[in-house]
Amino acid sequence: MIIEFCVHGDQRGKLISLEEYSSIPFRIKRVYYIYGNKQSIARGFHAHYKLKQVLVCVNGSCKIKLDNGINTEIVSLERPDYGLLINELVWREMYDFSEDAVLLVLASELYDENDYIRDYDKFLKIVKG
Ligand code: T46
């Protein structure tokens, strides 16, 4: 789901403010950003048991493939005023990063390797019950 953020703009430029439980629909426990990616490289290839995240391409562009075990969808992120909400139990792959891409991620949980599902067949078993 794409969330369109409110842009505060004036003659000086633009400003976007993100707040938990408002523009971001969960408590923000962690922020990280991904940059300096090679264009031919894809990242992700996992889902999370619990984690919800909002991804914002604050500079440049990239594509995100989302898969809930039934449907797949490709989302192009290329606007700093658009956030992509990824809920739990969604397989994601990020690719086609522009050289200048900076992907900011707001996360609902602290980093926990045990929350990752890195095996696609295991992911399918979990979502299909
Ligand atoms: C996700 C997508 C969108 C940490 O130490 N702390 C952190 O908070 C994170 C996110 C990563 N790391 C370490 C773990 C690895 O040694 O950074 C290294 C690269 O992480 P990873 O291979 O998981 O990166 P991506 O780009 O495949 O996935 C990341 C997030 O991990 C993941 O939750 O949804 O971005």
Among what's in region 6-23 and is among the small types (Gly, Ala, Ser) and in a strand (DSSP E or B), pick the residue that is surrounded by the fewest Cβ atoms within 10 Å (Cβ to Cβ). Gly13
Qualifying positions in region 34-70 - of a type outside the set (A, V, I, L, M, F, W, C), surrounded by 17 or more Cβ atoms within 10 Å (Cβ to Cβ), within 9 Å of the ligand (Cβ to nearest atom) and under 16 Å from Lys122 (Cα atoms): His48
Any residue in region 83-97 that is over 19 Å from Val58 (Cα atoms) sitting within a Cβ distance under 6 Å of a residue that is surrounded by 21 or more Cβ atoms within 10 Å (Cβ to Cβ) and of a type outside the set (A, V, I, L, M, F, W, C)? List the pairs, counting only those 6 or more apart or interchain. Glu88/His48
The number of residues in region 1-33 that are away from the ligand (no atom under 13 Å from the Cβ) and either in contact with a Phe, Trp or Tyr (Cβ under 9 Å, 6 or more places away or on another chain) or of a type in the set (S, T, N, Q) (or both) is 12
Return a yes/no flag: does region 89-98 have any residue that is more than 25 Å from Asp121 (Cα to Cα), touching a Gly at 6+ places or on another chain (Cβ under 7 Å) and more than 13 Å from the ligand (Cβ to nearest atom). yes
Among the strands (runs of 3 or more DSSP E) lying completely within region 24-129, list those that include at least 3 residues that are of a type in the set (Val, Ile, Thr) and modelled with pLDDT of 95 or more. 53-59, 72-77
Just the residues that are closer than 21 Å to Glu20 by Cβ, surrounded by fewer than 20 Cβ atoms within 10 Å (Cβ to Cβ) and not charged (D, E, K, R), please, taken from region 71-89. Pro80, Tyr82, Leu85, Asn87
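Matching residues to (1) within 24 Å of Leu110 (Cα to Cα); (2) hydroxyl-bearing (Ser, Thr, Tyr); (3) touching a residue at least 12 places away in the same chain (Cβ under 8 Å):
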site	(1), (2), (3)
Glu4	no, no, yes
Glu20	yes, no, no
Ser23	yes, yes, yes
Lys29	yes, no, yes
Lys38	no, no, yes
Ala42	yes, no, yes
Ala47	yes, no, yes
Gln53	yes, no, yes
Asn68	yes, no, yes
Given the structure, is Leu103 crowded, with 17+ Cβ neighbours inside 10 Å, within 12 Å of the ligand (Cβ to nearest atom), of a type in the set (A, V, I, L, M) and under 15 Å from Tyr33 (Cα atoms)? yes
Given (1) more than 23 Å from Asp119 (Cα to Cα); (2) in contact with a strand residue (DSSP E or B) (Cβ under 9 Å, 6 or more places away or on another chain), where does Gly13 come up short, assuming only one miss? (2)
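The values are calculated or read from the model by the stated rules, or taken from the named source; none is laboratory data. Everything quoted here is computed from the prediction, not taken from an experiment. Note that we place each Cβ from the backbone using ideal geometry, even for glycine, and neighbour counts take in every protein chain shown.
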